[in-house]
Every structure is written in structure tokens, then in C-alpha cells.
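Single-structure report; data block below.
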Amino acid sequence: MAQKSEIEWTDATWNPVTGCTKIGPGCDNCYAERFAERWRGIPEHPYEQGFDLRVWPSRLAQPSRWKKPRMIFVNSMSDLFHKDIDREYIDQVFDAMETADWHVYQVLTKRSSLMRNYVRNRYDGKAVPSHIWLGVSVEDAAHKSRIEHLRQIKSEARFISFEPLLGPIGDVDLSGIAWAIVGGESGPKARPMHPDWATELRLACENFDVAFFFKQWGGARPKSNGRLLEGEEWNGFPWQIVPEPILKELRA
């Protein structure tokens with residue numbers, strides 16, 4: 001089911017797909033897989049199948065039932081652009097987001113070229129609707145190409161999650177990006193994040209006028225080491241790209 005989220009930068013999660021497969025070092029200690037596999041084999045549990053890929057057509061109408069506008073993280077337990085998800089089903093997810101257009105949807109992927117190709121096809125050169133935010137996960141410098149794929153999408157609502165940040169990103173072009181989220185890995189095998197890596201990204205965001213959100217240092221638990229960077233909280237959010245009717249409701 002869709003549910004209220006404990007993720008600081010969103011209000012709720014909506015999972016019309018669950019399960020995934022690993023495609024990079026950022027996936028090695030996947031929190032979603034760890035959670036889902038706890039329930040494998042439990043009859044009638046939503047994760048009876050563990051973290052195996054599964055689509056949930058019964059969940060497509062959920063956003064329409066929420067009448068108050070929300071920030072909705074789409075597929076916190078999967079990746080909408082997994083290669084084994086039929087394009088027709090992705091169409092249905094986008095149809096649902098376009099129908100319930102009083103929400104803001106945050107769609108995050110590591111499969112950036114597949115997302116780029118899909119949205120180019122769907123919108124035929126037109127801009128993605130402003131209430132559908134598209135983002136990519138980038139864990140280290142080796143995966144910066146995802147940012148270039150994101151920039152090739154016609155949208156004012158592009159965002160990047162540098163989480164888990166596993167190495168320095170180095171020189172990075174953030175032009176055209178509205179928002180960046182930075183965070184360390186959490187869980188029993190969490191890999192540490194060096195402070196310089198986070199500060200480097202904060203300065204890049206400052207240089208490119210990108211809203212900067214520092215989520216956590218990570219550790220055994222998400223909040224093990226707090227969320228202060230350079231002695232303060234960073235809660236940047238791109239309010240300027242929230243559609244006006246939704247903005248009024250969210251701030252009411």
C-alpha cells in the first residue's frame with residue numbers, strides 16, 4: 001500500500017512496482033531488498049515474493065484516492081525503468097500520475113538512459129508535466145553519465161540523489177538541475193562517507209544555484225551519526241518548481 005513516508009524529502013511513498021536487481025555499487029547493500037527479503041515465503045504478505053520484481057496494477061489508482069496534495073516518492077521499493085517492466089505498464093503509471101495531477105511525483109532511477117528514452121517518446125519533444133519530477137541516483141564519479149542523460153530530458157524539475165555517496169564526485173556540471181540530495185549509506189554493512197565528498201557537492205550546488213539537501217551521514221541506522229554538515233542542517237528544497245496550485249495547498 002501507499003503510505004506516509006519517514007523519508008525527510010517526501011510525504012508519502014507509492015509502489016506500483018516492487019522488487020529490483022542490482023546494477024551498480026550503490027545497490028550492493030540495498031535497504032529495500034533487505035526489508036523485502038525478511039518476508040519472503042510469508043503467505044499473503046505484500047513481500048511474499050521477497051525482492052523479486054512484481055507489478056501491482058491494483059495500486060495504480062491509489063494517488064487518485066488521496067485528495068489532499070502530497071509529495072509522492074514513486075517506487076521507493078523498486079525502479080520504474082527496470083528493463084523487465086513492460087512499457088505498457090510504465091504508460092499506466094504515467095497515466096495515473098497525469099490523472100491525479102494535484103500531487104507532485106518524485107521518480108528516481110539508476111537506469112537513466114531508459115528513462116530518457118521513455119519520456120522523449122511519451123512526450124514527443126514536449127516538456128514533462130511540471131508535477132512529475134524526474135531524478136537519477138549517482139553514487140560516485142563513475143556514474144556521472146546519469147546526470148547527462150537526465151539533462152537530455154525536457155523538464156524544469158530534474159533532481160539528483162547522491163545517496164549512498166560512496167566516493168568523490170569530482171568536477172560536475174549541475175546546470176539545469178533543480179535539486180540535489182546527499183546522504184551516506186545506512187545498514188549493517190554501511191560504507192562510510194567522507195566529509196569532503198559531501199562538502200564538495202554542497203559547493204557545487206552553491207555554484208550552480210541548486211537547492212541542496214543533506215539527508216544523513218548514515219551508519220548502522222539512518223540517523224546513527226546525525227545530519228549536520230559543517231555544523232548545520234541543510235534543508236534546501238526547490239519550491240520554485242512546485243506548480244502554483246499545489247504549492248498553495250502544500251504550504252497551507
Checklist outcome for this item: With DSSP loop assignment and no more than 12 other C-beta atoms within 10 Å, the GluC sites (Glu not before Pro) in segment 13-63 are 44
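Could you rank the peptides 113-119, 135-141 by their average count of other C-beta atoms within 10 Å per residue, with the highest value first? Could the numbers behind the result be given before it?
Numbers: 113-119: 19.9, 135-141: 22.1.
Packing proxy ranking, top to bottom: 135-141, 113-119.
Can I get the semi-axes of segment 120-252's equivalent ellipsoid? Compute them from the C-alpha gyration tensor as square roots of 5 times the eigenvalues, in angstrom, largest first.
Numbers: eigenvalues 140, 66, 36 Å².
Over the Cα atoms of segment 120-252, the ellipsoid semi-axes are 26, 18, 14 Å.
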Next on the checklist: If I stretch the segment between residue 23 and residue 175 completely, what's the gain in nm (0.36 nm per residue apart, minus their alpha carbon distance), one decimal?
Outcome noted: 52.1 nm
Checklist entry - Which of 69, 164, 188 moves most in a GNM of the chain, Cα contacts under 10 Å? => result 188
Item to check | Using θ = phi - 60° and Karplus 6.51 cos²θ - 1.76 cosθ + 1.60, couplings along segment 174-186 (whole Hz; Gly, Pro as x) | outcome: 9, 4, x, 9, 8, 8, 10, 10, 10, x, x, 7, 10
Next on the checklist: Against the empirical 2.2 N^0.38 Å scaling, what ratio does the C-alpha Rg of segment 33-125 come to?
Outcome noted: 1.17
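Calculated FRET efficiency, residue 144 and residue 31, Cβ-Cβ r, R0 25 Å, to nearest 0.05? Please list the in-between numbers first.
On the way: r = 23 Å, r/R0 = 0.92.
Efficiency computed from Cβ-Cβ geometry: 0.60.
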Checklist entry - Counting DSSP beta bridges in the chain, what percent are antiparallel, to the nearest 5? => result 20
Next on the checklist: Less than 12 Å Cβ to Cβ from residue 210, Lys/Arg counted +1 and Asp/Glu -1: what total charge do the surrounding residues give?
Outcome noted: -1
Checklist entry - Among the lysines, which have Cα under 17 Å from the Cα of residue 67 when same-chain residues fewer than 8 positions away are ignored? => result 4, 248
Checklist entry - Using the 10 angstrom Cβ neighbour count as an exposure proxy, how do 71, 97 rank, fewest first? => result 71, 97
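Treat every Asp and Glu Cβ in the chain as -1 and every Lys and Arg Cβ as +1, leave all other atoms uncharged, and give the resulting dipole magnitude about the Cα centre to the nearest 20 debye.
On the way: 33 positive and 35 negative charges, 99 e Å.
Roughly 480 debye, rounded to the nearest 20.
Bear in mind that the values in this text are calculations on the coordinates, not laboratory data. Please read all numbers here as calculations on a predicted model, not as lab measurements. FYI the Cβ positions are ideal-geometry reconstructions off the backbone, even for glycines, and counts take in every protein chain you see.
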